[in-house]
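A short worksheet on the structure shown next.
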Amino acid sequence: MGLTSDLRVLYNLAFTRVRGATHGERLETFYRAQAGDYDAFRRRLLHGREEMMAALDVPEGGKMLDVGGGTGYNAELLGDRLARLQSLRIIDLCPSLLATADERIRGNGWANVQTTLADATTYEPPDGPVDVVTFSYSLTMIPNWFQALERAYTALKLGGMIGVVDFYVSRKWPAPPMRRHSNFQRFFWPTWFGHDNVFPSPDHLPWLQSRFQTVKRDECLGKVPYLMLKAPYYIFLGRKA
Ligand SMILES: C[S@@+](CC[C@H](N)C(=O)[O-])C[C@H]1O[C@@H](n2cnc3c(N)ncnc32)[C@H](O)[C@@H]1O
């Protein structure tokens, strides 16, 4: 932990060459060396996960999918509400991160949580529609994000809730009252994150707002460790109407 762990993560972010013929292989080469350090560093980089998870409506006996759930950190953020759920499935395409999630599940003795190695763009829940779907910082890593969202829409029950938190940039001329980012922000962040195959988009948030009934939309800035800049992120909660 601490500085050594941060240095390992920073080294991997800056120098690991992402290899692989498929998206899944590329994710695995990117994350394999940093899976053990993932949570400590991302806690300071991936802002808004706590707020998004706290605002989720988690029904008694409900079923939930955490798509691109990685190490399963979001399950902890549910706190006491986790026990209410019939099931929480953590869907991810990266075996190393899911191995950490499995350790977390075993360590906490969560009988209603399980991991599934699957692609968000093709995944269908095996036991029918669910009540809640979340994406935390995964949409920007899914090239066919629109297919993943279509899958999530189909997987949700009518009245079910979607929660998304992620990096983004605004459109050049966003529809009011949405925030407008400067030319520098709209150029810098996609370039900076693009190095690690993270693609902040001007289109995720408008897509979500057009498809779901908006319950909450926050557009914020979050500090990036070791960088004197703040990156734009949003929190979106919506319902399938
Ligand atoms: C930045 S991590 C976020 C992990 C976790 N949600 C969190 O908040 O810490 C992005 C995650 O998306 C997953 N991912 C990327 N593309 C995916 C896909 N097509 N299907 C499933 N998971 C995917 C990655 O493996 C990774 O775990």
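The values are calculated or read from the model by the stated rules, or taken from the named source; none is laboratory data. Note that the coordinates shown come from a computational prediction; the quantities given were computed from them, not determined experimentally. Cβ coordinates were reconstructed from backbone atoms using ideal geometry, including for glycine residues, and neighbour counts include every protein chain displayed.
The rows are residues; the columns are (1) free of Cβ contacts under 8 Å to residues at least 12 places away in the same chain; (2) of a type outside the set (Val, Ile, Thr); (3) out of contact with any helix residue (DSSP H, G or I) (no Cβ under 6 Å at 6 or more places or on another chain); (4) more than 10 Å from the ligand (Cβ to nearest atom).
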{"residue": "THR29", "(1), (2), (3), (4)": "no, no, yes, yes"}
{"residue": "ALA40", "(1), (2), (3), (4)": "no, yes, no, yes"}
{"residue": "HIS47", "(1), (2), (3), (4)": "no, yes, yes, yes"}
{"residue": "LEU56", "(1), (2), (3), (4)": "no, yes, yes, yes"}
{"residue": "LYS63", "(1), (2), (3), (4)": "no, yes, yes, yes"}
{"residue": "VAL67", "(1), (2), (3), (4)": "no, no, yes, no"}
{"residue": "GLY70", "(1), (2), (3), (4)": "no, yes, no, no"}
Of the criteria (1) more than 24 Å from ALA241 (Cα to Cα); (2) within 13 Å of the ligand (Cβ to nearest atom); (3) touching a Gly at 6+ places or on another chain (Cβ under 7 Å); (4) not hydroxyl-bearing (Ser, Thr, Tyr), which one ILE105 fails: (2)
Cβ pairs under 9 Å, 6+ apart, first in region 74-89 and on the phi > 0 side of the Ramachandran plot, second outside any strand (DSSP E or B) and buried (at least 18 other Cβ atoms within 10 Å of the Cβ): GLY79/MET53
Residue in region 139-156 that is surrounded by 15 or more Cβ atoms within 10 Å (Cβ to Cβ), assigned to a loop (DSSP other than H, G, I, E, B) and within 9 Å of the ligand (Cβ to nearest atom) present: yes
Filter result for the condition that a residue is closer than 20 Å to PRO95 by Cα and of a type in the set (Phe, Trp, Tyr), over PHE212, PHE135: PHE135
Hits in region 121-138 (condition: more than 8 Å from the ligand (Cβ to nearest atom) and either at pLDDT below 95 or assigned to a loop (DSSP other than H, G, I, E, B) (or both)): THR122, GLU124, PRO125, PRO126, ASP127, GLY128, PRO129
Considering residues of region 79-100 that are in a loop (DSSP other than H, G, I, E, B) and more than 8 Å from the ligand (Cβ to nearest atom) only, the residue surrounded by the fewest Cβ atoms within 10 Å (Cβ to Cβ): GLN86
Which numbered condition PHE167 fails, given (1) under 16 Å from LEU45 (Cβ atoms); (2) out of contact with any strand residue (DSSP E or B) (no Cβ under 6 Å at 6 or more places or on another chain); (3) surrounded by 16 or more Cβ atoms within 10 Å (Cβ to Cβ): (2)
